[in-house]
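The values are calculated or read from the model by the stated rules, or taken from the named source; none is laboratory data. Just so we're clear, the structure is a prediction, and the values are computed from it rather than from any experiment. Cβ placement follows ideal geometry from the backbone for every residue including glycine, while neighbour counts extend to all protein chains displayed. To get the accessible areas, we keep the full protein, side chains included, count just its heavy atoms, and leave off ligands, DNA and RNA. Shrake-Rupley method; radii C 1.70, N 1.55, O 1.52, S 1.80 Å.
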Amino acid sequence: MSLSDEFLAQANALYQDFQAHDALQSDRLQRFRNIEPESARLLGVLIRAQQARKILEIGTSTGYSTLWLANAAQSTQGQVTTIEIDAERSHQAQQHAARLHLQNTVEFKVGDALEFLQQCTERYDFILLDAERDAYVAYWPYLAQLMQAKGGLLAVDNVLSHASEVAEFIGMVEADQRFACASLPVGAGLLLVTAV
């Protein structure tokens, strides 16, 4: 699927709805906290450039980023696996994917991301990490295994907007000489990590 006018219009409308919802929530955990459009668009470009076929998303929320990953995956004949601990949000994300005819490109999983990572034997070309930031340090040893093959790419959201919350995680990544990383001032800040 290309970045058709229909896809762009529907994705934009959803983003506006999600933003309106978040603006009414005083509790951070009640917000959907979707990735920014410019970050989502960049992720789609990276998947296409990399020709990634096995894509993992940790933190589906209501699926805005999932739509962009799946749209890009269609052009690479790829498949997205996305995991979310909140069953209701995962269900909403499935509905949005179906509306854009992307449901066959995405496998939706409900569960704890750390448990998933501990049990996962797959290797992924592309991983988006956009979940609860206090869990990232625990995720890192497993993420490093999942993307150890050269050419694999990990993208981590919110590294500038919540820099103090991810500082320890970024320190671990930077200290791991198997990987190279760079932060980009796009959206809330994206950290890109790849094996060297």
Exercise for review: For ALA98, state whether it is small (Gly, Ala, Ser), over 20 Å from PHE179 (Cβ atoms) and open to solvent by 10 Å² or more (accessible area, probe 1.4 Å).
Suggested key: yes
Check your understanding: So how many residues does the range 1-51 have that are modelled with pLDDT under 75 and closer than 17 Å to THR105 by Cβ?
Key -> 3
Review point. For THR60, are the conditions met, namely being closer than 19 Å to LEU114 by Cα, open to solvent by 10 Å² or more (accessible area, probe 1.4 Å) and not charged (D, E, K, R)?
Key: no
Check your understanding: Taking ALA175, is it modelled with pLDDT of 95 or more, in contact with a strand residue (DSSP E or B) (Cβ under 6 Å, 6 or more places away or on another chain) and loosely packed, with under 12 Cβ neighbours inside 10 Å?
Key -> no
Revision key, fill the gap. Residue hits (the range 48-61; over 17 Å from THR81 (Cβ atoms) and touching a residue at least 24 places away in the same chain (Cβ under 8 Å)) are ARG48, GLN51
**Study point:** Those strands (runs of 3 or more DSSP E) lying entirely in the range 98-196 with at least 1 residues touching a Leu at 6+ places or on another chain (Cβ under 7 Å)
**Key:** 126-129, 153-157, 179-184, 190-195
Check your understanding: Of the conditions (1) among the hydrophobic types (A, V, I, L, M, F, W, C); (2) open to solvent by less than 60 Å² (accessible area, probe 1.4 Å); (3) farther than 22 Å from ARG33 by Cβ, ALA163 fails just one. Which one is it?
Key -> (3)
**Study point:** Index of the failed condition, ALA131 passing every other in (1) open to solvent by less than 20 Å² (accessible area, probe 1.4 Å); (2) touching a residue at least 60 places away in the same chain (Cβ under 8 Å)
**Key:** (1)
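For the range 63-91: of the residues being of a type in the set (Ser, Thr, Tyr) and under 12 Å from the mean Cα position of the chain (by Cα), which is surrounded by the most Cβ atoms within 10 Å (Cβ to Cβ)?
Going residue by residue through the range 63-91, those that are of a type in the set (Ser, Thr, Tyr) are 64-66, 75-76, 81-82, 90.
Narrowing the set further to residues that are under 12 Å from the mean Cα position of the chain (by Cα) leaves 64-66, 81-82.
Numbers: TYR64: 23, SER65: 27, THR66: 31, THR81: 19, THR82: 26.
Among those residues, the one meeting the criterion is THR66.
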